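Read-outs: derived from the displayed coordinates by stated rules, not from any lab. It should be emphasised that the depicted structure is a prediction, and the values quoted were computed from it without experimental measurement. Neighbour counts are summed over all protein chains in view; Cβ atoms, including those assigned to glycine, are modelled from backbone coordinates with ideal geometry.
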Amino acid sequence: MEFINTIVNYSPASIPVGRIGIFILGILLSLLLRKIVNSLLKKPIKNMENFFTILLDGLAGSISFLVVFTGFYFSLLVLNIHGSVNLIALNIIQVLLTFTVIRILFVVIDDVALQMGSLAEETESQLDDQLIPVLRKLVKVALAAIGIVFFMQLKNYPVSGIIAGLGIGGLAFAFAAQDSIAGIFASIALFLDRPFMVGDFVQVGGVSGTIEEVGLRSTRIRTVAKTLVTIPNKEIVDSTIDNLSKRPMRRCTITIGVTYDATAAKMQELVVSLRKMLEEDDMAEHNGANVHFTTFGDSSLNVEMLFFIRTTDYSKFLQSRHDLNLKIMRVVEELGLDFAFPSTTVYLEK
């Protein structure tokens, strides 16, 4: 230790030669360490690519600069230049060190968000794809704020007074932006509950349509009339959501009216034939199907058919109902019955 102190305090003609030499040596060593660290962090990338190696590749530059700034900082402490020059230099290096550490944390957040995005692409829901970038930005803002507060405390600034002042301004800002803040929390609630995803056909309140986009504040729905409706997320969270895309099949109702000249036996035969037709159809779900002679209409004897068609696609549903309608016509024709239409019978007395 005495030998080191002798070298450090070696000052011929009041010139701190020892301190200057150690300062220069410290800078050279920090530059050398920067190259070594950069090489070690990037070397694994050549052999494999995974989360760890991608993270090291992103951190290589920031950690290298952190090594250099740290070397400069301690070299300046050893140099111990009196006056404002040393103070300014140390403050600059402390600022650079703080922002470099924040930059390293940002790289870690970006890499984690990238990996989470890859996992989100494998899920059916697209809400998580849109929410991950939002969360990444929020975490970055929080880290930046923490870093600034930490630096201010390190420099003995009146952080509590500044935070109190910001708190008053933040309170006013919160009142002005309470709808946007409520929308952000509603978006997070939608992400956690996952009541729908982009592309689903839903009914929210009195609006029915396809989900086109789920934003940070609102959701856009393309209606059947091709209009675009924008609904705040906070209203969606408080509403009853009917996700029609999640149903396993579509409900179908068909009412058949035959003329009043049909006998009771023919009506019973018609009902039996229609039930058999549903059982033999590949697209019709006959389990739980209802086919009954229901009402005596003004001009017809009505048979009501309630059943499900095994598809969620609207085009396939229409085609299946088209085929069933043709089969119903054949059944009615084979039984010698006629479809009824609105008519009036007039009786004349002599």
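Determine, yes or no, whether VAL332 is part of a helix (DSSP H, G or I), at negative phi and either surrounded by fewer than 17 Cβ atoms within 10 Å (Cβ to Cβ) or in contact with a strand residue (DSSP E or B) (Cβ under 9 Å, 6 or more places away or on another chain) (or both).
The answer is yes for VAL332.
For region 310-319, name all the residues that are crowded, with 16+ Cβ neighbours inside 10 Å and out of contact with any Cys (no Cβ under 8 Å at 6 or more places or on another chain). Let's see the steps before the verdict.
Taking region 310-319 as the starting set, the residues that turn out to be crowded, with 16+ Cβ neighbours inside 10 Å are 311, 317.
The one that is crowded, with 16+ Cβ neighbours inside 10 Å and out of contact with any Cys (no Cβ under 8 Å at 6 or more places or on another chain): THR311.
Could you say which residue among SER315, SER320 is assigned to a helix (DSSP H, G or I), touching an Asp or Glu at 6+ places or on another chain (Cβ under 9 Å) and farther than 14 Å from THR255 by Cα?
Unique residue meeting the criteria: SER320.
For residues that are within 42 Å of the chain's Cα centre (by Cα), touching a residue at least 40 places away in the same chain (Cβ under 8 Å) and not in a loop (DSSP other than H, G, I, E, B), tally how many sit in region 250-303.
Of the residues in region 250-303, 6 are within 42 Å of the chain's Cα centre (by Cα), touching a residue at least 40 places away in the same chain (Cβ under 8 Å) and not in a loop (DSSP other than H, G, I, E, B).
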